[in-house]
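Colleague: This structure is in structure tokens; I'll ask about it shortly.
The values are calculated or read from the model by the stated rules, or taken from the named source; none is laboratory data. Just so we're clear, the structure is a prediction, and the values are computed from it rather than from any experiment. FYI the Cβ positions are ideal-geometry reconstructions off the backbone, even for glycines, and counts take in every protein chain you see. What goes into the accessible areas is simple: the full protein's heavy atoms, side chains included, and nothing from ligands, DNA or RNA. Shrake-Rupley method; radii C 1.70, N 1.55, O 1.52, S 1.80 Å.
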Amino acid sequence: MLYENWFKNPGDVPFLLKKITEYSKQTGPIRLMEVCGTHTMSIARSGIKSVLPENVQLLSGPGCPVCVTPANIIDMILSLSEREDILITSYGDLLRVPGSIRGDNLLKRRAGGGNVESVYSPMDALRLAEDHPEKEAVFLGAGFETTAPGTAACLLEAASRRLDNFSVLCLLKQTEPALRSLIESPDFAVSGFLCPGHVAAIIGADRFSFLPGDYRLPGVVAGFEAADLLCSILELTRMLAENRPALKNEYTRLVRPGGNPAALSLMEKVFRPAPSRWRGLGYIDGSGYAIRDEYASWDAMQKFSLKPPAETEIPGCQCSGVIRGVVRPADCPLFGNICSPASPVGPCMVSGEGACAAAYQYG
Amino acid sequence: MCLAMPMKINEIDGPLARCEAGGLSQNIRIDFITDPKPGDYVMVHAGFAIEKMSEKEALENIELLEEIKNAL
Ligand code: SF4
């Protein structure tokens, strides 16, 4: 099938590399940032970094939703999990994120008898709630815009079934406000962006046109195979060489200019934009989603009157710099010795999509 | 948690579709896919299809690669 035959190996497309090298001679050193955990992983796995010309550096930005969840939110969830009547469900990698105390996470709580389950989809969390009517099931809904419509559909289903023992702790985040905050930060030094393809499938490629429009930065909405990434890097390098920043969509087989209207209207129905705290970037206006008041009965924050404790950073961890692309994972003094995937200190090492985990595994 | 994968729809039953990829068969929600049909390819993320994949555009991607190659 076509989609499976797509060039997966950067070695199959040497002509793309040749073009990139040509353009990079005109640009001088450039720094291109991706802001998607799946891009981090595809880049690491495909070995693209090692074949790119020296002038072209690839960086990982705040693209892993688990890595940007602040420690105090995890602390709040850890104390909620101490309640006998609570069943916490979420995606596996979120369960492994430590709070402010190193080594303490939801998986450890489960080993100690806590009610914690890992799920693949929000719908699995709904099913667990039905199977355990004696428990209050709380689904930790993390993710970016890609995950938001499914979370909305799940919450609407709970509401229509009047499933009263189910609620969502909404940790969803929006990409654009975070990118703007990053670009406007004083140490920002990125030449162009590989825009997240699956976020764009929902919100539309056009939503990234603020990059050239407001900041004169080129952006390419990119797919996830090696050839997609190289084509996108080529486009960015070309735009930089010609000094003509624009927004391009390389991932046209999936991403439409206006995104997925049915998904957007589901999100609009259930969520409203809200301020949100990001690890590494701090509070950003309108960068999160809150559940609308009509659905307050399914909003864990309101249902259990939750309040995050004061924020504490993990001593020594450089994740905040890593997420902003100003510290390379290997430059963190804890990298590889004290902090490794088997014994992670910070969230960038916990999630397979985190920049530190990818750097550890693939170098 | 963000991994997504293209799957082919085999059967549709309300908001659910039986999908397959690489010999693996799974029930996927298709709540926000417009006009889904058996045989369509969708990108699946956390149990939901997020969008249909277009064969025409995929072929254009490949043509573009050929063009770059031939221009060298
Ligand atoms: S190596 Fe570990 S401690 Fe250092 S920045 Fe990465 S996750 Fe944080």
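Colleague: I'm told B:V44 meets every condition in (1) at pLDDT 90 or above; (2) touching a Cys at 6+ places or on another chain (Cβ under 8 Å); (3) facing another protein chain (nearest Cβ under 9 Å) except one. Can you identify the failing condition by its number?
Modeller: Just one mismatch for B:V44, condition (3).
Colleague: Please identify the pairs in which a residue from the range B:9-26 that is open to solvent by less than 50 Å² (accessible area, probe 1.4 Å) has its Cβ atom under 8 Å from the Cβ atom of a residue that is assigned to a loop (DSSP other than H, G, I, E, B), counting only partners at least 6 apart or on another chain.
Modeller: Final answer for the pair search is B:I9/B:I30; B:I9/B:P36; B:I9/B:K37; B:I9/B:P38; B:I9/B:G39; B:I9/B:D40; B:A17/B:I30; B:A17/B:P36.
Colleague: While we're looking at this one, here's another question. Among the residues that make up the range A:127-134, is at least one of them farther than 22 Å from B:N27 by Cα and small (G, A, S)?
Modeller: No, the range A:127-134 contains no residue that is farther than 22 Å from B:N27 by Cα and small (G, A, S).
Colleague: Considering the range A:87-105 alone, what residues qualify as being open to solvent by less than 10 Å² (accessible area, probe 1.4 Å), more than 14 Å from chain B (Cβ to nearest Cβ) and part of a loop (DSSP other than H, G, I, E, B)?
Modeller: Once the filter is applied, which keeps residues that are open to solvent by less than 10 Å² (accessible area, probe 1.4 Å), more than 14 Å from chain B (Cβ to nearest Cβ) and part of a loop (DSSP other than H, G, I, E, B), the range A:87-105 yields A:P98, A:G99.
Colleague: Moving on. Filter the range A:72-96 for residues that are farther than 17 Å from A:L306 by Cβ and in contact (Cβ under 8 Å) with a residue 60 or more places away in the chain and give the result.
Modeller: Those that are farther than 17 Å from A:L306 by Cβ and in contact (Cβ under 8 Å) with a residue 60 or more places away in the chain: A:D93, A:R96.
Colleague: Can you name the residue in the range B:60-71 that is at the interface with chain A (Cβ under 8 Å from one of its Cβ atoms) and open to solvent by 80 Å² or more (accessible area, probe 1.4 Å) and, of all such residues, is modelled with the lowest pLDDT?
Modeller: B:K69
Colleague: Among the residues of the range A:294-316, is any within 16 Å of the ligand (Cβ to nearest atom), modelled with pLDDT under 95, open to solvent by 70 Å² or more (accessible area, probe 1.4 Å) and within 20 Å of the chain's Cα centre (by Cα)?
Modeller: Yes, the range A:294-316 has at least one match.
Colleague: Here's another thing I want to ask about it. May I ask you to verify whether A:V35 is surrounded by 17 or more Cβ atoms within 10 Å (Cβ to Cβ) and either closer than 30 Å to B:A21 by Cα or at pLDDT below 90 (or both)?
Modeller: In short, yes.
Colleague: Can you report the number of residues in the range A:324-363 which are more than 9 Å from the ligand (Cβ to nearest atom) and aliphatic (A, V, I, L, M)?
Modeller: So the count comes out to 3.
Colleague: Tally time: how many residues in the range A:146-158 are closer than 20 Å to A:G286 by Cβ and either within 9 Å of the chain's Cα centre (by Cα) or within 7 Å of chain B (Cβ to nearest Cβ) (or both)?
Modeller: The first filter runs over the range A:146-158 and keeps only residues closer than 20 Å to A:G286 by Cβ, leaving A:146-149, A:151-152.
So of that shortlist, the ones also either within 9 Å of the chain's Cα centre (by Cα) or within 7 Å of chain B (Cβ to nearest Cβ) (or both) come out as A:146-147, A:149.
So the count comes out to 3.
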